[in-house]
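The values are calculated or read from the model by the stated rules, or taken from the named source; none is laboratory data. All values derive from a computational prediction rather than experimental measurement. When we count neighbours, we look across all protein chains shown, and the Cβ atoms used for this are built from the backbone with ideal geometry, even at glycine.
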Amino acid sequence: MLLNLLMNARDALDSGGTIKLQGRSRGGKIEMLVEDDGIGIAEEDLGSIFDPFFTTKGRGRGTGLGLSITYGIVQEHGGEIHVESQPGEYTRFRVKLPAPPGAQATA
């Protein structure tokens, strides 16, 4: 799940840019943020990005299954995934998963 989000972020950076990865434990959940300052996702596409076989990548560059599988993995683990994007500025995925029983945050 995390690898797919990072690979999508990399693909969004046409000629350089930044990918930010953050994680924390809060309120019995593990929260992860994957953000890039790449091309972004058009507003009209945001409602479809988790649909199987939907892709905005060019022919031969993607199957349209990555985010669908990612969504399924998050759901199977009782989590949530949200996306925000501003075309030409950023895309930000937030994932929240239940922390395993007995897990403790360490610095």
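Some points to look at:
- Any hit, the stretch 23-31, residues being exposed (fewer than 14 other Cβ atoms within 10 Å of the Cβ), touching a residue at least 60 places away in the same chain (Cβ under 8 Å), part of a loop (DSSP other than H, G, I, E, B) and over 15 Å from the mean Cα position of the chain (by Cα): yes
- The single condition from (1) on the phi > 0 side of the Ramachandran plot; (2) over 13 Å from the mean Cα position of the chain (by Cα) that G40 fails is (2).
- Counted residues, the stretch 32-55 - those being of a type outside the set (S, T, Y), over 28 Å from A99 (Cα atoms) and assigned to a loop (DSSP other than H, G, I, E, B): 8
- Out of S85, S68, sole residue that is of a type outside the set (D, E), at pLDDT 85 or above, surrounded by 11 or more Cβ atoms within 10 Å (Cβ to Cβ) and over 19 Å from K20 (Cβ atoms): S68
- Count of residues meeting criterion [under 15 Å from G38 (Cβ atoms) and over 12 Å from the mean Cα position of the chain (by Cα)] in the stretch 61-89: 6
- Subset of the stretch 38-55 [in contact with a helix residue (DSSP H, G or I) (Cβ under 6 Å, 6 or more places away or on another chain) and either closer than 23 Å to K20 by Cα or modelled with pLDDT of 95 or more (or both)]: G38, I39, I49, F50
- Checking P101 against (1) at pLDDT below 90; (2) over 16 Å from the mean Cα position of the chain (by Cα); (3) on the phi > 0 side of the Ramachandran plot; (4) not β-branched (V, I, T), the condition it does not meet: (3)
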